Amino acid sequence: MEESRNNLGNNNKKKMMWFIAVGIIIAIIVGIMAGYFLYYKKTPTYSLNLIRESVKNHDWDTFQKHVDVDSIASSAIDDLMNNEMNKDSNKNDLGNTFAAGLVNMMKPALTSAIKDEIKKSVQGTDSGSDNNKTASNNEITKNAAKNLDVKDIGFSDIAYTKKENNTAVVGISLLDKQLNKTFILDVKMRQLNDGTWQVIQLSNLPEYMDKIEAAKKEKIAELNKPIKAQLAKIVNIGQVTSQITNEDAWGISKQLTLNIPVKIESDKNIASFSGNIDIKDSTRKEITNSAVTITPESNNYLAHLSKHLNQFMTGDAQILKNGTNDLKIIMDISSIKYKDGSEVELYKDLPKQ
């Protein structure tokens, strides 16, 4: 009997020790989880999730805490302006200086318009219902939305997080649904006093938009291949010749006159056709390009077009200086309109799915 009581006591002790061990393990796990949660609350990713939830819940106050809207709008305007000036080789320094000055003058209004649109988007209100919004601001935000195609962009993943002291850069993979391709947007953040983070800049916005634009151009070019072949069969453009002529009786203003041989092969009567004239120098570097529309007078027709030459524009000044002997002029057809109202046209944007 004594031995049974001893065995029972030992079993109870073992059970107690087992429960204590399990309790210690649970306490350790809970401690790890609590510690991780406290750490996670202080990560940029946690704050990005707060931003996502604030948009979902139309919580403007929380959104403002974790997104410095003024800083983002201001830096975006500067970055995009500098990017456009660097890409535009036809603008001279005077033109770039004027454009930069104009943007700086308009910057407070642009920043306010962007902030207003962001606020309305977060709050879920209709921007069109604001009667105080100017037409120019509406146009700016509409164009921005069109260029970014924000409705066709969805979150994919966090690609990386790079932290340095109280700042961090989070690479967010965003899926472009039209292209079925992901692009990384770098979001710069700073840590707040409570340990959470605030977005202060979209630090690679121009590069992000350029990559999307390049991918869209590639996709559109692929879609347009068969249409271009169809247009070329209908409207054949011969070798374009050119000369510089006087635009006024005194010979002060000059113009570039283009002679465009057109041959049409179509069973339907064409009302007009449109395209782009690309003018390159002897090295095949683009000097200038222009969109044109021609109304043919017959199936074999020599069209004459004139372009004013502005000596203050880099491309025009080059033509005035070097003449037309080495110019390479190509006209690409982009659309044909028939007299019955039908039309064949290249895609300008990706078709909506």
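The values are calculated or read from the model by the stated rules, or taken from the named source; none is laboratory data. Computed from a prediction, not measured in an experiment: that's the story for all the values here. Every residue, glycine among them, receives a Cβ derived from its backbone with ideal geometry; neighbour counts consider all protein chains shown. These accessible areas exclude ligands, DNA and RNA; they are computed on the full protein's heavy atoms, side chains included. Shrake-Rupley method; radii C 1.70, N 1.55, O 1.52, S 1.80 Å.
Some points to look at:
- Failed criterion for Trp250 (all others in (1) surrounded by 11 or more Cβ atoms within 10 Å (Cβ to Cβ); (2) over 25 Å from Ala229 (Cα atoms); (3) without any contact (Cβ under 8 Å) to a residue 24 or more places away in the chain hold): (1)
Here's the yes/no breakdown for (1) touching a residue at least 24 places away in the same chain (Cβ under 8 Å); (2) closer than 30 Å to Thr293 by Cβ:
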position: Lys163; (1), (2): yes, no
position: Asp176; (1), (2): yes, no
position: Lys181; (1), (2): yes, no
position: Lys188; (1), (2): no, no
position: Ile220; (1), (2): yes, yes
position: Pro226; (1), (2): no, yes
position: Lys233; (1), (2): yes, yes
position: Asn236; (1), (2): yes, yes
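- Those strands (runs of 3 or more DSSP E) lying entirely in segment 170-240 with at least 2 residues under 12 Å from the mean Cα position of the chain (by Cα): 181-191
- Filtered by the rule that a residue be among the charged types (D, E, K, R), surrounded by fewer than 18 Cβ atoms within 10 Å (Cβ to Cβ) and touching a residue at least 40 places away in the same chain (Cβ under 8 Å), segment 69-82 gives a lone residue, Asp70.
- Across segment 309-323, the qualifying residues are those that are over 32 Å from the mean Cα position of the chain (by Cα) and of a type outside the set (A, V, I, L, M, F, W, C), and the one among them that is most open to solvent (accessible area, probe 1.4 Å) is Lys321.
- Residues being in a helix (DSSP H, G or I) and either among the hydroxyl-bearing types (Ser, Thr, Tyr) or at pLDDT 85 or above (or both) - total across segment 74-115: 5
- Per the listing Glu297, Glu286, Glu222, the residue uniquely at pLDDT below 95, closer than 23 Å to Asp349 by Cβ and among the acidic types (Asp, Glu) is Glu286.
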